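Beneath this line is the structure, given in C-alpha cells, with notes to follow.
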Amino acid sequence: MDINYMVATGVIIKEYLEEKNITQKELSKILGISEQYVSDLLNGKRELSEDIALGLEKILPEIPASYWLNLESKYRDFIARKNDESRLGNYNLEEIAKRFKFSEVFKGLNWDLAKQASEMLKILKINTFDVFDSAYSNLQVDFFEDGGEKEAIAIWLGLCEEEADLQSEDVEGKDYSCEKLEDKLHLFKKIAYNDNLDNTLKSCKKLCNQLGIYFVQLEAISNSKVRGALVTYNNHPAIFISRRFKSHDHVWFAIAHELGHLLKHYKTNDLIISYEEETLDTKEEEANEFARNFFIPQSDYDKFVEKGDFSSRTIEKFSAKNRILSGILVARLQHDGYIAMSRMNYKKSR
C-alpha cells in the first residue's frame, strides 16, 4: 500500500483492519478501549499513542509498532507545517527574517523562511509576531545612543533558555540559597585562577549546577549589547553570559557581576540584564562593586595603587599574592585610569 503522510495514521490503520476483516468493535475489545476512542482514532480525530501502536503490533504482527509511530510522527510534522503556513501567511517573511536575524540564528540549517519563522516563534515563546512588542515590553533599550535592538536581546535570552534546558537533570532537585552560594564563592575565584577560559567556564557551570543555578555562556546576537543576564528558569536562578568580549578578564568580571546580582538583588521571575554600556542604575553599581571586590579587596587595591608602581613585576607580584590572573588587575587599572588602555594587554588571556 502506498503511504501518504498527508493522511491521518488512523485512516491508514483502518484500511489495514478492513483487509483483515477486523471491525471497530473487535478492535475495541482487543485493545481494551472504548468504541468511541477507536472511531475517533480511525477517522483521524485522535493521535496514535505508543500503547495503541504496541497493541496493533499484536493484531497485525507483520507491522511493527515503530512503523505506526514513525507514520504518526511524520503526519504530525505535516500538520504542524500546514498550521505554520496558515499562521504565517499574512506576514512578509523576508521582512520578519531581517528583523529577527534569521540569517544569523539559523545559519547553515538550510531551512525555508516558514520553517525559520516557526522556530523563531518557539524561541521567543510567542504565538504570533504581532505580540512581540507587548510580550517583551520589559526590555528597556532606549538609552543606547547607537540603537540597541529589543529583538536581538529577546532572541539571545530565548536561545540561552534552550541551552539551559540541557542542564535540567543536573540542576533539578538542588535547592538554591544565598547562604550556599556565599559559602562557595571562594571556589569561583579559585576556578577563575586558570588561564584556560574554556576550562574555567566548564568548571563554573558544574559548580553553579551543584548550587541549583543554571549557567549558560552563549555568544551575543548582533546589536543586543548584552553582557549578561540573571533570570529565573524552571524555578531556579539562571546566569547567562554573552561572552561578548573574548578575554578572560571581561568574561569573569561579567560572571562575578551576575553573582553579585544573584546575592544582592535576585527575586523570582525578575529579569536583570547587564548591558555593555554602563548605566547609573543602583543595582548595576552594586553588582560592579561586588565584582571588583570579588577579585581584589578594595583595601588591598587602594594600598597597591597608592604606591604608584605599575610595572610588570609589581603587577605580577600583587596578582600572585591575591591568587588572580594578572590580566584581571591590568583590566581594573585600565578601567580606573591608572594605566593606558593600550598598556600590558599581553597579560590578558584570550
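The values are calculated or read from the model by the stated rules, or taken from the named source; none is laboratory data. Computed from a prediction, not measured in an experiment: that's the story for all the values here. In this analysis, Cβ positions are derived from the backbone assuming ideal geometry, glycine residues included, and neighbour counts consider all displayed protein chains.
For the reader, a short list of remarks on this structure follows.
- Whichever residue in segment 205-225 is touching a strand residue (DSSP E or B) at 6+ places or on another chain (Cβ under 6 Å) and more than 17 Å from residue 177 (Cβ to Cβ) and, among such residues, is surrounded by the most Cβ atoms within 10 Å (Cβ to Cβ): 216
- The set of residues in segment 294-335 being more than 22 Å from residue 257 (Cα to Cα), among the β-branched types (Val, Ile, Thr) and surrounded by 19 or more Cβ atoms within 10 Å (Cβ to Cβ) consists of 315 alone.
- Options 253, 245, 240, 215: the member that is at pLDDT below 95, within 22 Å of residue 295 (Cβ to Cβ) and not in a helix (DSSP H, G or I): 245
- Filter pass, residue 303 being modelled with pLDDT of 90 or more, among the basic types (Lys, Arg) and closer than 17 Å to residue 193 by Cβ: no
- Identification of helices (runs of 4 or more DSSP H) wholly contained in segment 38-112 with 1 or more residues that are among the hydroxyl-bearing types (Ser, Thr, Tyr) and touching a residue at least 24 places away in the same chain (Cβ under 8 Å) yields 65-88.
- The set of residues from segment 59-92 being surrounded by 16 or more Cβ atoms within 10 Å (Cβ to Cβ) and under 28 Å from residue 155 (Cα atoms) comprises 84, 87, 88, 91.
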